[in-house]
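**Q** Quick one: this structure, given as structure tokens, is what I'll be asking you about.
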Amino acid sequence: MDKVVLQANAKLNLYLDVTGKRTDGYHDLDMLMVTVNCGDILTVRKAPAGVLKVVMDGQAAGEENTAYRTAKLVSELTGCGLDITIAKKIPVGAGMGGSSADSAGVLNAAKKLFDLPQEKAEELALNVGSDVVYMMHGGIMRARGRGEILTPVEGLEGLKNKYFVVAQKCMGATTARIYSHFDTLGVQPKNAFDRAVSALKTGRGDELYNALFLSATYYCPSIVATMYDLKNYSSAACMTGSGSACFALFDDFSRARECFESLMHYKYKGILHIV
């Protein structure tokens, strides 16, 4: 096998709590994550040793790019080059895991191209980003630690029948800046993961939560307007990741469509579902 084509899907955080600051500079998290049907398309080809090429939407990606850094780690490990083309569909700076999805896509492709063991792929993933291990797996998961300690969450299969209207008005700040600002606020852990899951099991979305909301709105105030626009149509609304995209949860497609059509001037908007 010399080529793999795959879709690297986005994620949404239905619950995101920061439970502590780690000695390695990262934060301990407690998150409920779901994979949705918005994804970047990756074409990953073997190349001669020493060749490393990542092209994203027609533009060459440099060493600061997550997919490039991941490809470099794979190339160093295998001794083979890589030629990667990425067609972006996940909005940038949205908190939907776009860069992590691309990294996970490269690693999942490497598993097929080079028989890279899962354990080794996850080790590389942690060297690149905190969400990458989850993005390799996907699903309805509780993610703790840096996001690498994964536990499937049972009883939420009904979410697959719901619709998520996702909206982004502006590009968010970097995750590092948002966490840095978060550390100045003194926000205490909510410790309400079980309560959030219980509410979702009964069809309620009033326990959706994101501890990074205040920090994200500090850099991108229009997130508040996004939440306001979404809550005109659904009481179950929340920001995802470190922003700036927010989402609202709907049982009824026609109501979701009505909300979607009201978001006339948004940078990104979509009606998504869990995959």
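**Q** What is the helix-to-structure angle for 253-262, meaning the angle in degrees between its Cα long axis and the longest Cα principal axis of the chain, kept from 0 to 90 and rounded to the nearest 10?
**A** 90 degrees
**Q** So what are the ³J(HN,Hα) numbers for segment 166-173, from phi and the Karplus equation (6.51, -1.76, 1.60; θ = phi - 60°), rounded to whole Hz, Gly and Pro as x?
**A** Once rounded to whole Hz, the list reads 10, 9, 10, 9, 9, 6, x, 6.
**Q** Something else about it: Angle between the Cα long axis of helix 98-114 and the longest principal axis of the chain, 0 to 90 degrees, nearest 10?
**A** 40 degrees
**Q** Here's something else I'd like to know. When the convex hull of the Cα atoms of segment 156-272 is projected onto a plane and the area is averaged over all directions, what value comes out in nm²?
**A** Working: hull surface 28.5 nm².
Its average projected convex-hull area is 7.1 nm².
**Q** Follow-up. Can you find, among V132, G25, G39, the residue farthest towards the positive end of the dipole of segment 3-151? Put +1 on the C-beta of Lys and Arg, -1 on that of Asp and Glu.
**A** Farthest towards the positive pole: G39.
**Q** Could you derive backbone 3J(HN,Hα) for segment 201-218 from the dihedral phi with the Karplus parameters 6.51, -1.76 and 1.60 (θ = phi - 60°), listing whole Hz in sequence and x where the residue is Gly or Pro?
**A** 5, 8, x, 9, x, 7, 9, 4, 8, 9, 5, 8, 4, 5, 5, 5, 6, 4
**Q** Let me ask another. Any idea what log10 I(q)/I(0) is at q = 0.15 Å⁻¹ for segment 3-151, Debye with uniform C-alpha scatterers and no solvent?
**A** Scattering profile of segment 3-151, log10 relative to I(0): -0.72.
**Q** A follow-up question, please. Using Cα atoms only, what is the angle between the long axis of helix 222-231 and the major principal axis of the chain, expressed in degrees (0 to 90) to the nearest 10?
**A** 60 degrees
**Q** Taking 2.2 N^0.38 Å as the expected size of a compact globular protein, what ratio does the Cα radius of gyration of the chain give against it, to two decimals?
**A** Cα-based Rg divided by the globular estimate yields 0.99.
**Q** Using the crude model of +1 on Lys and Arg Cβ and -1 on Asp and Glu Cβ, and no other charge, please compute the dipole size for the chain relative to its Cα centre, in debye to 20.
**A** 360 debye
**Q** Only loop residues by DSSP count here, and only those with at most 12 other Cβ atoms within 10 Å; note down the trypsin sites (Lys or Arg not before Pro) in segment 1-101 that meet that.
**A** On the way: sites: K3, K11, K21, R22, R45, K46, K53, R69, K72, K88, K89; in loops: R22, K88, K89.
Answer by residue number: R22.
**Q** In what sequence, highest mean first, do 206-216, 73-83 appear when ranked by Cβ atoms within 10 angstrom?
**A** Highest mean packing first, the order is 206-216, 73-83.
**Q** Could I ask something else about it? State to the nearest 20 debye the size of the charge dipole of segment 3-151 about its Cα centre, where the only charges are +1 on K and R beta carbons and -1 on D and E beta carbons.
**A** Computed about the Cα centre, the dipole is about 320 debye.
**Q** Taking the Cα centre of each part, how many Å lie between segment 215-245 and segment 19-74?
**A** Between the Cα centre of segment 215-245 and that of segment 19-74, the gap is 25 Å.
**Q** Please state the relative contact order of segment 3-151 as a whole percent: Cα pairs under 8 Å, 6+ residues apart? Could you put the intermediate results ahead of the total?
**A** Details: 321 pairs, mean separation 43.5, N = 149.
Taking the mean separation of contacting Cα pairs over the length of segment 3-151, I get 29 percent.
Just so you know, all these numbers are worked out from the coordinates, no wet-lab data involved. Quick caveat, the model's predicted, so the values are computed rather than measured. A quick note on method: Cβ atoms are made from the backbone with ideal geometry, for glycine too, and the neighbour counts reach across all protein chains shown.
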